[in-house]
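One structure is given here, and the rest of the page talks about it.
FYI, it's all coordinate maths here, none of it is from the lab. A quick note: this is a predicted structure, and the numbers were derived from the prediction, not measured. Ideal geometry is used to build each Cβ from the backbone, glycine not excepted, and the neighbour counts take in all protein chains shown.
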Amino acid sequence: MADEIRLPIESDDDVVVARSRARELASGLGFTGTDLTLLATAISEIARNITTYAERGEICITTVRRGPRSGVKVVATDNGPGIPDLNLALRDGYTSGKGLGLGLPGARRLMDEFDVETEVGRGTTVTMLKWGRET
């Protein structure tokens, strides 16, 4: 059975907890150094989008295995306003707020697999996966 951690995201403190818990889980799978930092940074970007645009949501962090590889899957969900133009939101530098516009495109670059499902008025789900070294 895969390890699973479900965390509410409502504040900056929750963002810090999500980063930390993901690092602990990934470390247990043998992730080290750079991979731990990339994972934590991607979670920060996505979780901060939740607190900024949706106010609250949830992050679910699970371990996954595919053949000899182990990884960490992160699913971030919210019931916020959704993203009106996903293609635009995935461009570097675009922001609908006061940020640098690096959240979604930055997280996409940091992770090995990345998907966004969004519907205006209903919310957004971001699914990301980071693979560790083959064992």
Q) Among the residues of the stretch 21-70, which ones are of a type in the set (A, V, I, L, M) and closer than 16 Å to Trp131 by Cα? A) Ala22, Leu25, Ala26, Leu29, Leu36, Leu38, Leu39, Ala40, Ala42, Ile43, Ile61, Val64
Q | Residues (crowded, with 17+ Cβ neighbours inside 10 Å and either over 14 Å from the mean Cα position of the chain (by Cα) or of a type outside the set (D, E, K, R) (or both)) located in the stretch 65-80 | A | Ser70, Gly71, Val72, Val74, Val75, Ala76, Thr77, Gly80
Q) Any residue in the stretch 40-57 that is touching a Lys or Arg at 6+ places or on another chain (Cβ under 7 Å) and surrounded by fewer than 17 Cβ atoms within 10 Å (Cβ to Cβ)? A) no
Q: Go through (1) closer than 16 Å to Thr118 by Cβ; (2) out of contact with any Pro (no Cβ under 8 Å at 6 or more places or on another chain); (3) hydroxyl-bearing (Ser, Thr, Tyr) and name the single condition Thr51 misses.
A: (1)
(Q) So if I check each of Phe114, Phe31, which one is outside any helix (DSSP H, G or I) and touching a Lys or Arg at 6+ places or on another chain (Cβ under 6 Å)? (A) Phe114
Q.
So the check is Cβ under 9 Å with 6+ separation or different chains; which pairs have a first residue in the stretch 1-24 that's under 17 Å from Ser70 (Cα atoms) and a second one that's hydroxyl-bearing (Ser, Thr, Tyr)?
A. Ala2/Thr62; Ala2/Thr63; Asp3/Thr62; Asp3/Thr63; Glu4/Thr62; Glu4/Thr63; Ile5/Thr62; Arg23/Thr37
Q: Quickly run through the stretch 115-131 and pick out the residues that are crowded, with 20+ Cβ neighbours inside 10 Å and either without any contact (Cβ under 8 Å) to a residue 12 or more places away in the chain or closer than 21 Å to Leu38 by Cβ (or both).
A: Val126, Met128, Lys130
Q) Taking interchain pairs and intrachain pairs at least six residues apart, which have beta carbon atoms under 6 angstrom, with the first residue in the stretch 62-82 and farther than 25 Å from Val120 by Cα and in contact (Cβ under 8 Å) with a residue 24 or more places away in the chain and the second charged (D, E, K, R) and assigned to a strand (DSSP E or B)? A) Thr62/Glu4; Thr62/Lys73; Val64/Lys73; Gly71/Lys130; Val72/Lys130
(Q) I'm trying to understand the selection: among the residues of the stretch 65-89, which are in contact with a Lys or Arg (Cβ under 7 Å, 6 or more places away or on another chain) and either in a helix (DSSP H, G or I) or closer than 18 Å to Pro105 by Cβ (or both)? (A) Gly82
Q | Failed item in (1) more than 13 Å from Trp131 (Cα to Cα); (2) of a type in the set (Ser, Thr, Tyr); (3) out of contact with any Cys (no Cβ under 8 Å at 6 or more places or on another chain), with Thr77 passing the rest | A | (3)
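For Arg56, are the conditions met, namely being without any contact (Cβ under 8 Å) to a residue 60 or more places away in the chain, within 30 Å of Glu119 (Cβ to Cβ) and not aromatic (Phe, Trp, Tyr)? Steps first, please.
Working: without any contact (Cβ under 8 Å) to a residue 60 or more places away in the chain: yes; within 30 Å of Glu119 (Cβ to Cβ): yes; not aromatic (Phe, Trp, Tyr): yes.
Judged against the criteria, Arg56 is a match.
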